Each structure stands twice: as structure tokens, then as C-alpha cells.
Ligand SMILES: NC(=O)c1ccc[n+]([C@@H]2O[C@H](COP(=O)([O-])OP(=O)(O)OC[C@H]3O[C@@H](n4cnc5c(N)ncnc54)[C@H](O)[C@@H]3O)[C@@H](O)[C@H]2O)c1
């Protein structure tokens, strides 16, 4: 008998990656799934070996259920998280934590009140080369950081939005390319560069008939004094691997799709490097990503539950990427620079 039982809420494409990752965990096992829609639950029974419940109370009462993984559409993370935390279950929620700060704060408060652990999936933090880059930045290898850039110039075809009820909608997705796709790289940018003091953003719905943006850009002021650029799109054919650039007074590095492709330190190392780190980019195909980095985050989350320590990418950390993206949206809507913190209930 493994130590922890995991249940998954939502039975779509990312739930399947979680099921694959969980099947490789030493400490835990998947004990069941939940989907309130009987048709979706029925079809899920063909894709998952574990029981699929349509009644939330029954699901939450599965014997040995300790941790719930939230894989519902982004704007539907809150309600199942409230139910699971009230039932005393630890929570691993898919990115973004929620689609605005009000809903995010309700989710954080419920986990705090019920004393359950909360972490948010940002699997790109666990590529070998990202960990190397993060360590070097923390050790000051690049000196004082001057600029950090995140580019997510991706492409999705018509079917991507056409076949989903929630993607690209304000309620279900919270917007478009920034909050769904760009957020992974924006999370890394914040992890490397620190907190934000202001942002000026511009977003457009340039190609697809969706409510959210399929094209966006922003100039960021970090609290440290450094500057940053962000681009994020699902309209830029054919879709290029996402990229992070970090420039400091002593050197710079570029990470592309989780792989370091450039590393230059003044007077020391100066090279273009090739590694096997990283994972397949979702630049033009959302299903291209593997489950190995999800597995790495699951392993660490279970350790933090076991040892009662702060998880990597806890709720407060995950709130920061939502805050920055909401700041970009507000800036674009008002056509002015937004100073942080700002009132997110204004739009
Ligand atoms: N980490 C990653 O790289 C990554 C990749 C893809 C998706 N995601 C995130 O995962 C989440 C789900 O995305 P997806 O691509 O799997 O979507 P999907 O549309 O394939 O699946 C969503 C599932 O949730 C179910 N559902 C809807 N409302 C529900 C409710 N109230 N209760 C329970 N189930 C409900 C749907 O029936 C469906 O099974 C999103 O937040 C998305 O941002 C993360």
C-alpha cells in the first residue's frame, strides 16, 4: 500500500498527463477521478483505469484519498478546490491558479483556513537547465540583473479554439495567450527577476474569434530596478520555442524550451551550449509536452506534504503570475502604465 492516495478532478487532456505521472510515483497512487458531467465521465472510463465519479461527495469520501489534483478549466479551479480543502485534502492545482486575484485569494484563504497544503503546477521550473540557471542567478553569477525577457511566440490552429468550450473565453480561460500559454514562461521570469513594480501592456485579438487575446506584449519594471519584455501569442505561425533571456552586469544566459542555448560570463565562460535538458515545447502543438516534469513536481509536492514544508510554487508564488497578467490586461484596457499593487476588481 502506497503512502498517499490521489484523486483527479476533471478528466481532459492534462488529467491524462497527471495520471501517467502519478503511475510512476513511489509514494502515491491514483484512487479515482471526478467529472460531474455523466457523458464526460462515461468517456473518461475508456481512458482511465481508476473509478470515475459523478458525485463530488462520493469522490471526496474515497477511502485513503489525501491529495486532490485540480484539472478543470482555469476559471473553474476555485469551486472544486474549495470543496476539496474543506474536506481536508491537500491540493495540487493546474496553472493558472485561477483567472483573477479575487478568485485566487478565495482559494488561498480556504487552504489556509483548512490547513491543507497547496501547490500550483508550473512544470518548467523542473528542467535540469532551468534549475542551473536559477541557481546561477541566485548566486549572482551574472552580477546585478539589468534585463529579463520572456518570449512565447506560439501558434494554435483554428481547431484549438474551435473545439473547446472554454479556451479563449474570459470566464473559462481568463483571457487568452498570456494567461493560458505565456504564464509558464512569465512564472519563470518572475522567479528569476523578482517582484514587479509596474507594467505597460498591449493585447489584441488579432486572428481568432475569441474573447481573450491571441497577441500580447508588455514592458515590465521590476522592483530591483531591472527592465523586462514579454511577448505571448497563439497567432504567430508556425510557433517558435519559448525563450527566456537574462542579462546582468557580469554576463547573460538564454534558455529555450527548457534548454540553455547560450551562457556568457565576462572574462570567463563564453559559449553556445548544447544540452539534453528541457522537454518538448508546446509551441505549435499543445499535446507535445511530456509528463516527466509534472512527475518531478509531484515528487516534490508529496515530500512537502510528508515533511510539512513549503511546497515549490506555493499559492502565494502562483498568485504573482496571475497578478502580472491581470496588470497587463488592465494596462491595455486603460492604455496606461499600471503601478503595483493595483485594484483587480476594477475590471
Ligand atoms: N501544465 C500544463 O502544461 C498544462 C497543459 C494543458 C492544460 N493545463 C491546464 O489544465 C487545466 C485543464 O486543461 P485541459 O487542457 O485538460 O482542458 P480540457 O478541456 O481537456 O479538460 C477539462 C476537463 O474538466 C472537466 N470539467 C469541466 N468543468 C468541470 C467541473 N466543474 N468539475 C469537474 N470537471 C469539470 C471537463 O469535462 C474536462 O474533462 C487548465 O487550467 C489548463 O490551463 C496545463
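Descriptive notes on the structure:
- Unique match (being buried (at least 21 other Cβ atoms within 10 Å of the Cβ) and closer than 26 Å to residue 76 by Cα) among 177, 218: 177
- Note on the range 110-128: residues that are assigned to a helix (DSSP H, G or I) and over 18 Å from residue 307 (Cα atoms) total 7.
- Verdict on residue 163 being within 16 Å of the ligand (Cβ to nearest atom) and either under 28 Å from residue 72 (Cα atoms) or crowded, with 22+ Cβ neighbours inside 10 Å (or both): yes
- Output for the range 2-17, where each listed residue is touching a strand residue (DSSP E or B) at 6+ places or on another chain (Cβ under 9 Å) and without any contact (Cβ under 8 Å) to a residue 40 or more places away in the chain: 2
- The residues on offer are 241, 311, and the sole one that is closer than 25 Å to residue 23 by Cβ, within 16 Å of the ligand (Cβ to nearest atom) and at pLDDT 95 or above is 311.
Quick grid of which residues meet (1) over 20 Å from the mean Cα position of the chain (by Cα); (2) in a loop (DSSP other than H, G, I, E, B); (3) free of Cβ contacts under 8 Å to residues at least 60 places away in the same chain:
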| site | (1), (2), (3) |
| --- | --- |
| 130 | no, no, no |
| 175 | no, yes, no |
| 189 | no, no, yes |
| 198 | yes, no, no |
| 210 | yes, yes, yes |
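- Filter result (modelled with pLDDT of 65 or more and within 14 Å of the ligand (Cβ to nearest atom)) within the range 269-283: 279, 280, 281, 282, 283
- The residues on offer are 115, 106, 20, and the sole one that is more than 10 Å from the ligand (Cβ to nearest atom), touching a residue at least 40 places away in the same chain (Cβ under 8 Å) and either surrounded by fewer than 23 Cβ atoms within 10 Å (Cβ to Cβ) or assigned by TED's automatic domain parsing to the domain that holds residue 174 (or both) is 20.
- Residue 301 within 16 Å of the ligand (Cβ to nearest atom) and in contact with a strand residue (DSSP E or B) (Cβ under 6 Å, 6 or more places away or on another chain): yes
- In summary, residue 200 fulfils each of the numbered conditions (1) farther than 23 Å from residue 263 by Cα; (2) within 13 Å of the ligand (Cβ to nearest atom) with the single exception of condition (2).
- Test: residue in the range 82-103 that is away from the ligand (no atom under 12 Å from the Cβ), closer than 28 Å to residue 287 by Cβ and out of contact with any strand residue (DSSP E or B) (no Cβ under 6 Å at 6 or more places or on another chain): yes
The values are calculated or read from the model by the stated rules, or taken from the named source; none is laboratory data. On a predicted model such as this, the values are computed, not experimentally measured, just so you know. Cβ sites come from the backbone with ideal geometry, for glycine too, and all protein chains shown count toward neighbours.
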